[in-house]
Each structure stands twice: as structure tokens, then as C-alpha cells.
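**Student:** Below is a structure I'd like to ask you about.
Computed from the coordinates by the stated procedures, all read-outs in this text should not be read as laboratory data. Since this is a predicted model, take the numbers as computed values, not measurements. Heads up, the Cβs are rebuilt from the backbone with ideal geometry, glycines too, and the neighbour counts pull from every protein chain shown.
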Amino acid sequence: MDLENQKRVKEFAEQYGPENIVVVLGAAEGEGAGLAAETVTAGDPTFAGPLTGVQLGLTVYHVCEPEIKNEVDPTVYDEQVGMMEMVLDVDDIISEMSSIRNEYCKYL
Amino acid sequence: MNSVIKGASYILAHTPDMVMENGTTQTTEKIVNPNSEYLKELPNHIRTYEQALAYLPNQTYIGNMHPDELAKYDQPWVDTTVEGMNQRTGKYGEIMPEDEFYMLMQCVDVFELVMLEKSFVAATKEKFVANPVIDESIVARIHEGVDASEVEHFVNEEHAEPLVFAGKTVGFVKRAHDVDPNLSAHTMLENMVTKASAVLSLLHLIRVTGINKEDIDYVIDCCEEACGDMNQRGGGNFAKAAAEIAGLVNATGCDVRGFCAGPTHAFINAASLVKAGTHKHVVIVAGGCTAKLGMNGKDHVKKGLPILEDMIGGFAVLLGENDGINPEVDTEHTGKHTVGTGSAPQNVISSLVTNPLDAAGLKITDVDKYSAEMQNPDITKPAGAGDVPLANYKMIAALGVKRGDLEKKDLATFPAVHGMVGWAPTQGHIPSGVPYIGVCRDDILEGKVNRAMIIGKGSLFLGRMTNLFDGVSVMITKNSGKTEEAAVSEEHIKGLIGKAMKDFAASLLAAAEEE
């Protein structure tokens, strides 16, 4: 995850409390989504950014996961995400995301 | 009348030592973690010049292999060699070795900032001048070189950036000012590399198009570097600086910027300048970027691959008045990502692809080939960035399904039919839409393609001035055969006058009848 984004996530968690934060990802691949999810839960796996060694345990979803999709007006969702939903390997993303959530999320 | 594409050049320089010395992934690692395993392991992953020549995407870039042919070979292409596909020169350009590229850097320098060691010059000069595009005016710029002690002095005591060849320091780029960071040795080296690769692109453009240098009116540079000093950091102008060395005596020019979208912006600008009649022959050109050398090196080394980002890229395109033959640039139907477009991929693709198609009354499938981000997947996939061209084609296809332009069952075949595999080095602006312009011209002239779309996208947010990114697109079409002369022929004018007179007579008669 971009170092600047890591910094912002860390600051938001400090400002609002980690239990009040949900991170929504838009990565194009399962692997990339998994890495970003790991960064905001278990810490930066590349040991490069501000979240290195910081286990925030934040609740994290990919925008294509049903938990997020069900929260959004279907027309808006179709307009904003419908095309990408067709392009992405959603099953792969869900399986990556679920395994990270089950292992590291503290506030589910 | 639309302007036409008269030709394009594509060049590469193989710069393995610059990967270690100037690529930001490596220079950052040297500061943060100087004893890292990566830095120790990296030299074992450097390609030889012969390996870089035999690499099929490089042969594709300089025009020796068609992208459709490249697609027939299984990915990754790293270990695939094809007999005869290891040529230095191609239809569009060449792959220059590092030692000759240093000579070129010295030749394009007009402030005595680039100096090479005497014995290196003596050993390299002969093969450098044997290059047919290196003309007399450039040969005359060769400096005989300096003593090894001077090289040592400037590198060790005057903050000069070393130029390393085969592990040995053979020259340097010195700072152009004692305190101004915009004229530091680091910046001067980056800018000199960009200038040298832009010049090489121009020289090959002249070779491939056969145009007289004197006939070029205007040059637009569209790389991603900035030249200037502390009082005008991005003052410019790379375009004129490169045009000077290439001998384009009747040209001036300017720099157009937009991160990776820069080349497509420049292409549209150039086509419009010709169409408007402002200039007859406009060139767009861009040199390459040292900072991005070995950018994904850590992933490549980790996965046992060679450092594939060891190439400096460059390209140039010549636009001219409609000749009734060459492919036209349709500047009437361009796509643009506007401030209000937003960042949802759907809106982005709509603004770049379907908006111009709608304006022209076309469907997604009416465009034979799309060229968006043509990064070589050999480089991006091991780094976790996926197959970038394929991702673009899938998005265009998905939008096509949503609009009813194509059936959902055609999603899987769309990329192969309307797209291509990526073959361009990850030099930011270099792979962005423009690598196909040269091939597209040939495809259209051979009747294989009637309409193509060039799409450039740029990550403006990297400059921290806006959160937005950007993109523009433009279509290239087969020449309609209508030239300026044909449109205003004598017969046509006579016809128009005749009709006007008839109409006038009719109105007089009608007026007389009313009275």
C-alpha cells in the first residue's frame, strides 16, 4: 500500500478509534487486495511504510464483496462498480479478503 | 482536412549500469538499506546487450516483430528466442548499447557537463560514428575526452554523477550550479539522458520518413522530466534543445506535460496544429527516464528473473498535411477525462472510449484496435500489477456489454480481437498509447485495420497538486482519400456558383410573380 495512504489510515485510526473505521478497497486483483488488507490489519508486510509492525486490526472489505454491495443503492452500485464487477475475479478477491479478515480483524 | 501520420520512430538504449547507479529503487535502497540482500543479488540479474537485443518485446518495439506475432509466443517471453530476432536496428529505430549512448549524451551536451575518459572515447568512437543516423554534425561534437584523474576528481570531490560502463567509471555528469538542486549533477544526468534519447528518436524519425530536416516546423516534447533552474524549475524547453542537436533549423517547439498522458495530449495538439494550418510538419518526441530503471527490480530479483527494466525508451511521430494516403488523425472526436468525470473506472472508460464513439456515431466494436497502456506484462505481472493492457481491454469490453455493443459471451475474445499484448518498457509515458502509432500506420496502409484508438492516461496525483488523474484519447482512421485539392476543386467551385446563380434567378422569378 502507498506510504501516504498508510499514513492517512493510521491517522484516521488514531483520530476516530480503530473500532469505528471500515476500510474499503478497490484493488484489481486478489493478491493486491490481500496485501492491502494485511497492511491495515496485521501491519505493512513490505516493512516500508508507517504501518510496519502496527497491528491496527481494522475491519476491511473489498468494494465487490457482498457485505459492501448490499449496503449500496443497486442503481448507484451498478453505475459505479457494475463494469468492474464484470472484469474482476470477484471469487478470488472474496477468498483472499475473508482469509485475512478471519485471521487479523479485531472488530468484526 | 485532418492531418496525417507520416511516420514514427521508436528507439531503446540498453543501460544496465544506469540501473544500479540511477534507478530510484536502487538509489533509495542504497540510502535506506545499503547492505541489503537485494543490492548484493542484483548484479547477478543484469542482462547483457545481446540478451536485451534477443528479447522479443524489444524487437517488437523497434519494429522487427508485429505485436500480433509476439502474441503467438507464450508468456513470459524472458527465455524465448527466435532466430534472426536479435537485430540492433529495426523498421522504426534501434537498440543502442550503453557505451555508445554515453557518447551520444556527451554529444548532445552544450554546456560541457558530460565528460568521458579519453581511452573510453578512443575505444568507442569508431563504432559510435559507424551508426548511419549519427551524422557529421553530431560527429563534430565528439569531445576527445579527459584524463582518468579528472574523472576521479569530479566524481569524488565535485559532486559529479559517475557514468559507469561494465562496472567501471568511464565519465561523469557534473553539476551546473553549486547550490541549485534543479541544476545538480543528478538532475543534469536525468535531463541529459532524456535529451539524448529524444535526439536519437528524432534522427531515426528523419531516417524512416525521409523528410528534409529543414521542412520540420515545430516540435512538441512530451516526456516526464523538467528542465529549468531555481527561479523557473520547469521552464523548458526539451523540444527545442533536442531539435537543435538533430539539426531541425527551421523548427521551434514547446514541452507538453501530463504524466503518462503527455504523449497523447501532444499527439492531439500536433494533429490540431497541422489541421488548423498553423504548421505544415509537426513532430512529437519524448526521451526516456533513468529514475524508472529497475523500478520493479526487487520483485524481479525475488522471482529469479533478470532485471527487465534496463532499457531507456524514446519515440517520435511526424504529422503532416493530408496527402490522401497516410492515416488520418480524427481530432473531431476525441475523448477526455474531465475534472467532473470522477475516478470510478466506469466513468473513466466512458469518458475516454464511448463519449468520442457516441459523438462519431460508432460502436465499441467499430474500432479495430485499441491502444491504451501497452506495458510489457513480463515486467508488470511479477510485480503484482497484473497484465495492464489486458485489464484495459476487459474494461472496454465490459462497458461494451453494458451498452449492448457486444454480447457477454464475447467478453473473453474481445482482448485478442480488438487489443494487443503489451510490448513497451515501463518508462511511464513511453508505453502510454503511443507505441502502437507506428504499427497502426503500417496496419492501416496494409488494409489490416481501418480504425484505431490511442488512449493516454496519467497519474496527476503523483505531483500532489490534485487528487485527479487524467486521460485523453483520439482515433486514427484510414485515409478517406479526400485531399485539400479534391475538396475545393475547380469543378466543385463552378458547381457551387452555378447553384447560387440558379437559386438567385429562382428567387427573382418568385419575387416578380408575387408582384
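**Student:** Using Cβ counts within 10 Å as a stand-in for footprinting exposure, how do B:Cys289, A:Cys64 rank, fewest first? Let's see the in-between values first.
**Tutor:** Numbers: B:Cys289 27, A:Cys64 22.
Least to most surrounded, the residues fall as A:Cys64, B:Cys289.
**Student:** Then there's this: Would you mind checking which residues have amide H under 5 Å from B:Ile307's amide H? H placed 1.01 Å from N; only 5 or more apart, or other chain.
**Tutor:** Correct list: B:Ile46, B:Arg47.
**Student:** Let's see if you can work this out: charge +1 on each Lys and Arg Cβ, -1 on each Asp and Glu Cβ, no other charges. What is the dipole magnitude of segment A:3-104 about its Cα centre, in debye to the nearest 20? Let's see the in-between values first.
**Tutor:** On the way: 5 positive and 20 negative charges, 94 e Å.
The calculation lands at about 460 debye.
**Student:** Ignoring solvent entirely, what values of log10 I(q)/I(0) come out of the Debye formula for segment A:3-104 at 0.15, 0.24, 0.25 Å⁻¹ when each Cα is a single scatterer?
**Tutor:** Normalising to I(0) and taking log10 leaves -0.61, -1.26, -1.31.
**Student:** Helix B:435-445 against the longest principal axis of chain B: what's the angle in degrees, Cα atoms only, rounded to the nearest 10?
**Tutor:** 40 degrees
**Student:** Considering only DSSP beta bridges with both partners in chain B, what is the antiparallel share in %, to the nearest 5?
**Tutor:** 75 percent
**Student:** Under 5 Å between amide H atoms, partner at least 5 residues away or on a different chain: which partners does A:His62 have, H built in plane at 1.01 Å?
**Tutor:** Residues meeting the amide H criterion: A:Leu25.
**Student:** Can you say what percent of the DSSP beta bridges in the protein assembly as shown, counting only those with both residues inside, are antiparallel? Round to 5.
**Tutor:** Values: 40 of 59 bridges.
Antiparallel: roughly 70 percent of the beta bridges in the protein assembly as shown.
**Student:** Sticking with this structure for a sec: Angle between the Cα long axis of helix B:148-157 and the longest principal axis of chain B, 0 to 90 degrees, nearest 10?
**Tutor:** 80 degrees
**Student:** Output ³J(HN,Hα) for segment B:203-214: one whole-Hz value per residue in order, computed from phi by the Karplus curve 6.51 cos²θ - 1.76 cosθ + 1.60 with θ = phi - 60°, and x for Gly and Pro.
**Tutor:** Karplus-based 3J(HN,Hα) across segment B:203-214 equals 4, 6, 4, 5, 4, 6, 9, x, 6, 6, 4, 5 Hz.
**Student:** If you only keep lysine pairs separated by 8 or more in sequence, or across chains, how many in segment B:32-171 come under 18 Å at the Cα atoms?
**Tutor:** On the way: B:Lys40/B:Lys168; B:Lys118/B:Lys127; B:Lys118/B:Lys168; B:Lys125/B:Lys168.
Taking segment B:32-171 as the scope, the lysine pair count is 4.
**Student:** If you scale each eigenvalue of the Cα gyration tensor by 5 and take the root, what three semi-axes come out for segment B:41-119, rounded to whole angstrom and sorted largest first? Mind dumping the intermediate values first?
**Tutor:** On the way: eigenvalues 181, 54, 18 Å².
That gives 30, 16, 10 Å for the three semi-axes.
**Student:** Note the angle between two axes, namely the Cα long axis of helix A:90-104 and the longest principal axis of the Cα atoms of chain A, as a number of degrees from 0 to 90, rounded to the nearest 10.
**Tutor:** Result, in degrees: 30.
**Student:** So, one more: How long are the semi-axes of the ellipsoid equivalent to chain B, from square roots of 5 times the Cα gyration tensor eigenvalues, in whole Å, largest first?
**Tutor:** Gyration-tensor ellipsoid for chain B: 44, 28, 21 Å.
**Student:** Taking θ as phi - 60°, what are the ³J(HN,Hα) couplings along segment B:246-260 by the Karplus curve (6.51, -1.76, 1.60), each to the nearest whole Hz, with x for Gly and Pro?
**Tutor:** 6, x, 8, 5, 9, 9, 10, x, 7, 9, 10, 10, x, 6, 6
**Student:** Using the charge dipole of segment B:4-482 (Lys, Arg: +1 at Cβ; Asp, Glu: -1 at Cβ; taken about the Cα centre), state which of B:Leu318, B:Gly7, B:Ala391 has its Cα farthest towards the positive end.
**Tutor:** B:Ala391
**Student:** Here is a further query. Tell me, what ³J(HN,Hα) does each residue in segment B:446-463 have, in order and in whole Hz, if you take phi through Karplus 6.51 cos²θ - 1.76 cosθ + 1.60 with θ = phi - 60° and put x for Gly and Pro?
**Tutor:** 7, x, 7, 9, 9, 8, 9, 10, 9, 10, x, 10, x, 8, 4, 4, 4, x
**Student:** Specify, per residue and in Å³, the volume enclosed by the convex hull of the alpha carbon atoms belonging to the protein assembly as shown. Let's see the in-between values first.
**Tutor:** Details: hull volume 130.5 nm³, N = 623.
Considering the Cα atoms of the protein assembly as shown, their hull volume per residue is 209 Å³.
**Student:** Viscosity 1.002 mPa s, temperature 20 °C: give me the Stokes-Einstein translational D for segment B:236-378 in µm²/s, with Rh taken as the Kirkwood radius over C-alpha pairs.
**Tutor:** Answer, rounded: 118 µm²/s.
**Student:** Here's another thing I want to ask about it. Find, to one decimal place in angstroms, the Kirkwood hydrodynamic radius of segment B:367-515, where the mean of 1/r is taken over every pair of different Cα atoms and then inverted. Let's see the in-between values first.
**Tutor:** Details: mean 1/r = 0.0519 Å⁻¹.
Final number for the Kirkwood radius of segment B:367-515 is 19.3 Å.
**Student:** Can you give me the three principal axis dimensions of segment B:92-195 from its C-alpha atoms, in Å, biggest first?
**Tutor:** Reported extents, whole Å, longest axis first: 40, 27, 24.
**Student:** Roughly how many Å is it from the Cα centre of segment B:405-435 to that of segment B:1-28, as a whole number?
**Tutor:** 21 Å
**Student:** Once amide H atoms are placed 1.01 Å from N in the peptide plane, what residues at a sequence separation of 5 or more from B:Val146, or on another chain, have their amide H within under 5 Å of its amide H?
**Tutor:** Amide H neighbours of B:Val146, under 5 Å, 5+ apart: B:Leu116, B:Glu117, B:Lys118.
**Student:** Round to a whole angstrom and tell me the spacing of the C-alpha centers of segment A:1-46 and segment B:252-301.
**Tutor:** 35 Å
**Student:** Just round it to a whole percent: the fraction of Cα-Cα distances in segment B:239-322 exceeding 23 Å.
**Tutor:** Working: 1328 of 3486 pairs.
That fraction is 38 percent.
**Student:** Continuing with the same structure: Translational diffusion coefficient of segment A:4-58 at 4 °C, 1.567 mPa s, Stokes-Einstein with Kirkwood Rh over Cα pairs, in µm²/s as a whole number.
**Tutor:** Numbers: Rh = 11.2 Å.
Result for D is 116 µm²/s.
**Student:** Kirkwood hydrodynamic radius for segment B:343-409: how many Å is it when counted over pairs of different Cα atoms?
**Tutor:** Details: mean 1/r = 0.0779 Å⁻¹.
For segment B:343-409, the Kirkwood estimate is 12.8 Å.
**Student:** Please give the per residue volume of the convex hull enclosing the alpha carbon atoms of segment B:138-207, rounded to a whole number of Å³. Write out the running numbers ahead of the final one.
**Tutor:** Numbers: hull volume 8.0 nm³, N = 70.
Value for segment B:138-207: 114 Å³ per residue.
**Student:** Taking square-rooted eigenvalues a ≥ b ≥ c of the alpha carbon gyration tensor, is segment B:175-274 rounded, prolate or oblate, where a/c under 1.5 means rounded and, failing that, a/b exceeding b/c means prolate?
**Tutor:** Details: a/c = 2.19, a/b = 1.62, b/c = 1.36.
Since a/c reaches 1.5 and a/b is larger than b/c, the shape of segment B:175-274 is classed as prolate.
**Student:** Over all Cα pairs of segment B:1-96, how is the pair count split among 10 Å bins, expressed in % and running from 0 up to the last occupied bin?
**Tutor:** Per 10 Å bin, starting at 0, the Cα pair percentages come out as 14, 34, 27, 18, 5, 1, 0.
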